[in-house]
Structures are given as C-alpha cells and as structure tokens.
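Take a look at the structure below.
The values are calculated or read from the model by the stated rules, or taken from the named source; none is laboratory data. None of the values given here were measured: they were computed from a predicted structure. Neighbour counts are summed over all protein chains in view; Cβ atoms, including those assigned to glycine, are modelled from backbone coordinates with ideal geometry.
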Amino acid sequence: MDALIGHWLMRPRLFARERLRWGAIALCVVGYCLVLVAWSAPGPSPDDAPQPEFGIKAAFLYKFLSYVEWRPGTFKEAGAPVVIGVIGAKDVADSLRALTEGRAVGDRPVEVRELQSTDSLNNVHLLFVGHAASSRIPALATVAQQRGTLLVTDSEGALDDGSMINLLVRQSRVRFEVSLDAAEKGGLKLSSRLLGIALTVRPAH
Amino acid sequence: MTRRSAAVHALRTTLAIVAIATSVIAAAAAPPPPAPVNVASLADLSLEQLSNVEVTSVSRHAESLADAPASIYVITAEDIRRSGATSIPEVLRLAPNLIVARADANQYAISARGFNNVLANKLLVLIDGRTVYTPLFSGVFWEAQDVVLEDVERIEVISGPGAALWGANAVNGVINVITRSAAETRGVLATAVGGNLESGARARYGAALGDNGAYRIYAKYFDRAASELSNGAPLRDSSKRAQVGFRADWQWSRDTLTVQGDGYFGDIDQVPATRQIAGGNVLARWSRRFDDGTSLDVQTYYDQTHRDHPSSFLENLGIFDIEAQYRLRPFAGHDVLVGAGYRYARDRVVNSAAQAFVPPDRSLSWSNAFVQDEIALPRDLELTIGAKVETNVFTGAEFLPNVRLGWRASSNDFVWGAVSRAVRAPSRIDRELDVPGNPPFALVGNDTFVSEIATAYELGYRTQPLPALSWSITLFHERYDRLRSIEPRVGGAVFANAIEGHTTGVETWATWRFSPIWKVSAGLTTMRERLAVEPGAVDAGGLAALGNDPSTWWSLRSFVDITPQHDFDVTIRHVGALANPAVPAYTAVDARLAWRPAPRWEIALVLTNLFPVRHAEWGPQAARVEFERGASVRVQWTL
C-alpha cells in the first residue's frame, strides 16, 4: 500500500476532470452504502455457497444410504446402525461424522468408521475408498461384492476396477457414475432416482 | 547473458525462493488440529441439489457457473482430452468466445471481442493464479506458456471486462488455466506424441506427501517442425522446448496450501539467428476457511523470464506478486469479497540498432485494492457491485467498477446484465519504445500516452430446457475511448490516444447430448467493429495496428463414444475473412479417433486440417504461413 500512498503524496494537484471522476466514485460509494442498508435486513441467505470437496462427498455418501436396498438379512435387528467405512480419506470421514451426528436413515442411526485396508468389512454397509487408497480398489471390490457392501470411490476410471459408484468432479461440481453391473454382483439394488441423477450408468451384463 | 547462464540464474533464484517459501510456510502454516467443518447442513440437500453445489475453487471467482452474471465458457478436462490439442493456444480454440489465429508454428494472435493481434493487449491470462502477460506490451508471449494438458482441471474463459476483480488489462476477457490439485494426479502418466508437425513426450508422477498432502512432478519436451509459406517456401520457425515442474498440495480441515513451480527453456528458429527463451516461477497459495463461514486466501509468486531475440532485443524480467482476499458475510444476503495486491517488476532490456526501450533498465510496480458485494435480493435477483482501484507507474490510479444483475427466472433459466468500465494501462511499448534504436527515429517514446478505456454493456441468457441441452447467449456493446493511435511528428511518430469507437456483437453456444453416446456442441460469435480517428487528430497506421478481426467465426463439434473403449470426435470450425492485411475466410476439419485397448492405455489418432489441405490464418500474403494437414499418433499410459 506504500506505493499507493506515495503516489498521492507526489501528486501536486487534481485536475478538474479527475475531480469529476473521484466525485463519481464518491457517488458510487454512497449509492452502494444505501443499497447495503436497504437490503441488509431480511434478504435470503444463499445456501449454495461453495463447499470444500470432501464435505460434498461426505454428504453424497450419507444421501446414498437412502437409495440403496441391501440383501435381505443384512441387518440382523431393527434399529441396528447402518455403518459407513472410510479408507484413505480422513477429511471425508471427519465431515461424515459431523454431518451424520444425530441423523438416522429410517430408524437406523449412522455409524462412521475409519478403516485400514486390512480391516474386516463385516457389518460395513457402505465402503468409501478415497483416491489416496485407489490402488486397493480392485482387491476391495472383490470383497465388497462377496459381502454385499456398497463400494463408493472417487478415482478416475474406478468403475473399471469394480467400484459401484464413483464420485467425480465435473465443472466444479461433485457428480457420480454408477456401475449397475458391479452393484448387482454384490446383490444391491439402486433406486431409479439415484440412477436418474448419475452422470452415466454402466448397465448390467 | 547466454541462455545457459540465464537458466542457471533462474534456477538459483528459484531454489532460493523455494527455500525461503518453504521455511516461511513451515513457520506460518503448521498443520492445525483437524476440526470438522460445518457441513451438517449439506445433509439436508437433495441429491439433485448436491450435484449443483460448487466445489470451493482456489480461483478468485468461486461462483457457481450457472449463476455467474458474465459470459463464461468453461473448457473441461474432458474437452481438452478429446480435442487432441497439444498446446494451450490450440486448446483455446475450443472456447467459442475467443478468436484464435495461428501466425506461425509458435506464435498466435488470441483475443476476445476483437482487437486481435500477435501483440494483442486486452486479454488477461492466468495459469494457476499467476498472471502471464508481459509488461513489455500488456500481452502474452504464447510460445513461453505451457502446462501438462492432462493435468488441467478446467480453463475458464470469460469474455468481456473482468477488471473489477482482475485489474487493468482484463479489458476484453480473462483466461484462467486451472490445473488439478496434486491429490487428484497421483500415479504415473506418460504420453508420447509422434506426428508430421510435432513430436514430443511428457511424463508426470504423483504421490502422497505425509497424511494430508500430495505432490506431483513432471517433465515435458516437444519438437515442432517448420511451417511453409503460401508459395511453398519453408519458413524458419521450427522449435524445441523443454519444461519441468512440480506442484504440492496440502489439505487440512480448514486450510489448504499449494506450492508449485515450473522451469523451461526453448529454442525457436528464426532469421537471423535462433530466438531463445527461458524462465522459471514458483508460487505459494494458502487458504483458510474459518468456522464463521469467512475465508482468507493469500497468494504470492516470483516469475523470472529471459528472452533473446537476436538483432532485436534481449530481456530479463523478474516479477514478484502478492495478493490477499477475504470473503465474508457481514449481513444476511451479502457475500462480500475484499482484497488487495502488490506487484513489482524489474525489466532489464539490452537494446539493438533496430529498436530500443528507454530506459533499458526499468522498475515497475502496481498496487490494487478491490471490494465486491453479491447481494441477494428478493425474487431470486442477485446484484453484484464491485470495484477495483489499481495504480501503475505510468498513469497513477485507475478506477475499475462494475455492476452486475442476475435473475434466476426458473431453475433452468438465468438472465443477467452488466455494465463495467475497464482500462488498458500503458505498457513499456506504449511509452518507452524507440524505432530504430538511434536517431533519426521513425517512432519515438512518448510519456503522454495514457490508458485506453472501455465501457461495456452486456446482456446474457443461459438456459437448460432439457437435462441434456444447454444454451447460452450474450449480447455486448463496448464503447472505447483513447485507443492507441500513431501521431506523425517531426523527430519521429509517437503513440497517442486518438482513436475511439465501439464494438457490438453476439456470442452464443450450445451443447446437446442427443444420446448417452453422442454429444454435439456448437458456438458462434459475430461482431461489428466501428473504430475511427477522433475528429481533428491524425493517425498514421494506428487504426490498422489495433487488430485484424473476422466479423464471424463458428465451430461445430461432435463427440461419439462408439463403445466404452472407442471415441470418435470431429470438429468443423470456420473463421471469417480478415480485412487488413487481407486473409481469406477458412473452414477447417479436425478429427480424432481414440482406442483404449486396456484400462491403462489410450491410443489416439489425431488429424488436423483434414479438409482443406492448406489454409492461412494470419498475416500479409507474401509472408504468411499456410498450415498443412497434420497427423499424429498419441500413446498414453497411466498407472
């Protein structure tokens, strides 16, 4: 800012034309203040402010729970929690915990577990494998299919590796692609509403 | 200075800055304890709404594109991949609101809304937040700018003034090249391209860096063949260029930190002797999101460039830039962005008998402060008021205000209008250039040249009548004053500000996904320029030097996913005739066929100028290049 101030000190006088210009600026500022006062009271608060990517991904994971039907007998008892396992995405796991606190899917509370890739997937209903662990996707995909776990990833090309839902950033928005083939192999049913919003749906063979 | 010593100097400077930056960053930004961000409200959004929440962008304009009250075209990573292009200027042909003319194998004239020239000076270009225009003439040496195109996330092309946020020089447009975060480029990427016009290779490796970070390093090289003149004679414009660079990103719950840098050198053949370029830059950017919803961004960089045009000039330019911006919501319905920046350049030129910059050694500085408020009004109206004050060493303070109004008429329709004022502040060429280098002068420096002024009126409409169809149209009228003229005087002509006029035009584009496997996009810009010398003034060639623009240009692109493993893409583009010097209109057809034989492999055949076999894009007939049919094979492997 020194340069700005120094510049004004060095300027001996303002020409009439410039006075006019700065007058116009002052007018703009006053006008702006008036608008500020006039509209600051009840205006709608936009809820669509940009969000960090991991927060949006966490929200997607939570929403997916409502659009998937697991194999019969997956939940042993009424009110048992639905469990989201997260591998290789600490920020997503942290956001998920904050986001799901006090929330339920139907009558089931949501439980978030951070897992290592060697941990058992027993009783994990949705597994998110972040791109930090993308090399583990093929192996985890095999296990997820056997156990009927919904596998969600966020790595380019992960559907080729057996992922069921793959989150992608397209034009600054988080979108997703679906492999019905992989989901059906895991005995999972995805609602048509979910498929309608997907960027692409890879059909079942 | 030889290229070698310049490269060593650039390297040394870069290393010193990396060391300083690293220690400062380590001290200032020790990872804070992770705290959950307040994202709970996201859980209340529907899947559809979630799909429309914009990811926080590190760019200044973190606005959702669908609601941006400006003429913005976004070139996506997918568009870049399917274009088959190997350079930034060729990728920019994808933006319907830009006019791109290739002058020879390495030089381009690129502009928006007219005033196109290889020395075009009304467009601001940023690569990851780093301004790449030269203070020599306020334009871009395109041959010196390169990135690994596979690592580009998107390119935002804004036509029309962006001065209220971006400052002087964002007169007719802003181009924002944004590369992916290092977290998104882990693994190996190797691409080899072989063809009759260009061959090269690039490789990138990325991996995790601790628990919260990731990095990538890359190297690339290309060798471009010489072009031919229209009479078939070869032109000496072949080139070789090598570049290396890195980017590291850390993300904690509230903070993100990016440190990146690049270094390059290139040899470009020309008469009488090879033109040499070299340079390097290093940039650090830190963002913090506070719990109350406000956020702070600080960015700083140093950019060193070296350029040797034998028998013309040699330049060593160092630029230091720092800027900060703070986003807050002081009242319900107000989204306020305030910021300030400072930029310093040390430009050292070695003059020749042909031309001289006086003084040869020059310090330049710019300071700016800006404020913008987005005000949510009733009835889904959004008013944006913003202004920037920027100072420069030539004309002092410049005031750059704009007012924009957006109306979301329905969930699928958006109408916007804007009035803005922008200036093109003088550069060294406008005030300090003598031609030839010694008297008697044909052109002599003139310290009374002042800023060119533009006032733009814009009206736009964007709609998505079907989920698979989107369409955008912008009408613009821009009024120009004090444009650069050439005033004959005893002792040598000078640059003066005696041209005025206006441009009026339409920019429109649409994308339609006919079926899951077939997408078509089209774009058209048509405009009229009415520029004239002010009554009573004399102009000796300034009018023609302002630009040489077609009145209409359009493109039509088809993207077909023949199978999940095969793409077939065709582009037809047309550029209308240029008047002075006369260049005939041309229509060119490009095609790309890609095949992914295995998950990690892609092989693509790219054909350019398929029909007609030759066309020219720029320059007087005797000296202009005609581009021939190009064929190249690209093999890409990722791991």
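Could you please find all residues in the stretch A:60-116 being outside any strand (DSSP E or B) and of a type in the set (Asp, Glu)?
Taking the stretch A:60-116 first, the residues outside any strand (DSSP E or B) are A:60-67, A:70-81, A:88-103, A:106-107, A:115-116.
Across the stretch A:60-116, the qualifying residues are A:77, A:91, A:94, A:101, A:107.
Assess whether residue B:453 counts as being under 28 Å from residue B:350 (Cβ atoms) and in contact (Cβ under 8 Å) with a residue 12 or more places away in the chain.
Details: under 28 Å from residue B:350 (Cβ atoms): no; in contact (Cβ under 8 Å) with a residue 12 or more places away in the chain: yes.
Considered against the rule, which asks whether it is under 28 Å from residue B:350 (Cβ atoms) and in contact (Cβ under 8 Å) with a residue 12 or more places away in the chain, residue B:453 comes out as no.
None of B:157, B:174 is more than 22 Å from residue B:308 (Cα to Cα) and away from chain A (no Cβ under 14 Å) except B:174.
Remark: residue B:600 falls outside the filter, which requires a residue to be over 15 Å from residue B:192 (Cβ atoms), modelled with pLDDT under 90 and either buried (at least 16 other Cβ atoms within 10 Å of the Cβ) or not polar (S, T, N, Q) (or both). Residues of the stretch B:270-298 that are of a type in the set (A, V, I, L, M, F, W, C), in a strand (DSSP E or B) and more than 23 Å from the chain's Cα centre (by Cα): B:296 alone. Selection within the stretch B:138-169: residues that are at pLDDT below 90 and in contact with a helix residue (DSSP H, G or I) (Cβ under 7 Å, 6 or more places away or on another chain). The member of this set that is farthest from residue B:474 (Cα to Cα) is B:153. I'm trying to understand the selection: among the residues of the stretch B:590-601, which are charged (D, E, K, R) and within 24 Å of residue B:572 (Cβ to Cβ)? Within the stretch B:590-601, B:590, B:592 meet the criteria. Among the residues of the stretch B:433-489 satisfying the criterion of being assigned to a strand (DSSP E or B) and among the small types (Gly, Ala, Ser), which is farthest from residue B:73 (Cα to Cα)? So the residue we want is B:485. For residue B:453, the requirement of being touching a Phe, Trp or Tyr at 6+ places or on another chain (Cβ under 6 Å) and among the hydrophobic types (A, V, I, L, M, F, W, C) is not met. Among the residues of the stretch B:495-504, those identified as of a type outside the set (S, T, N, Q) and surrounded by fewer than 21 Cβ atoms within 10 Å (Cβ to Cβ) are B:500, B:501, B:502.
Evaluating residue B:278 against the criteria (1) among the hydrophobic types (A, V, I, L, M, F, W, C); (2) closer than 30 Å to residue B:327 by Cβ; (3) at pLDDT 90 or above leaves one unmet condition, (2).
Checked against (1) exposed (fewer than 14 other Cβ atoms within 10 Å of the Cβ); (2) within 14 Å of chain A (Cβ to nearest Cβ); (3) touching a strand residue (DSSP E or B) at 6+ places or on another chain (Cβ under 8 Å), residue B:563 passes all but condition (3). Out of the residues in the stretch A:47-105 that are within 8 Å of chain B (Cβ to nearest Cβ) and hydroxyl-bearing (Ser, Thr, Tyr), state the one that is farthest from residue B:255 (Cα to Cα). Result: A:67. Filtering the stretch B:350-394 down to residues that are more than 10 Å from every other protein chain (Cβ to nearest Cβ) and in contact with a helix residue (DSSP H, G or I) (Cβ under 7 Å, 6 or more places away or on another chain), which residue is surrounded by the fewest Cβ atoms within 10 Å (Cβ to Cβ)? Top of the filtered list is B:358. When residues in the stretch A:148-190 are screened for being of a type in the set (S, T, N, Q) and at pLDDT 90 or above, 5 of them pass.
The set of residues from the stretch B:521-544 being buried (at least 16 other Cβ atoms within 10 Å of the Cβ) and outside any loop (DSSP other than H, G, I, E, B) comprises B:521, B:522, B:523, B:524, B:525, B:527, B:529, B:531, B:533, B:542, B:543.
Is there any pair with a first residue in the stretch B:236-255 that is at pLDDT below 90 and part of a loop (DSSP other than H, G, I, E, B) and a second that is small (Gly, Ala, Ser) and surrounded by fewer than 18 Cβ atoms within 10 Å (Cβ to Cβ) whose Cβ atoms are under 6 Å apart and which are 6 or more apart or on different chains, and what are they? Close Cβ pairs satisfying both conditions: B:253/B:35.
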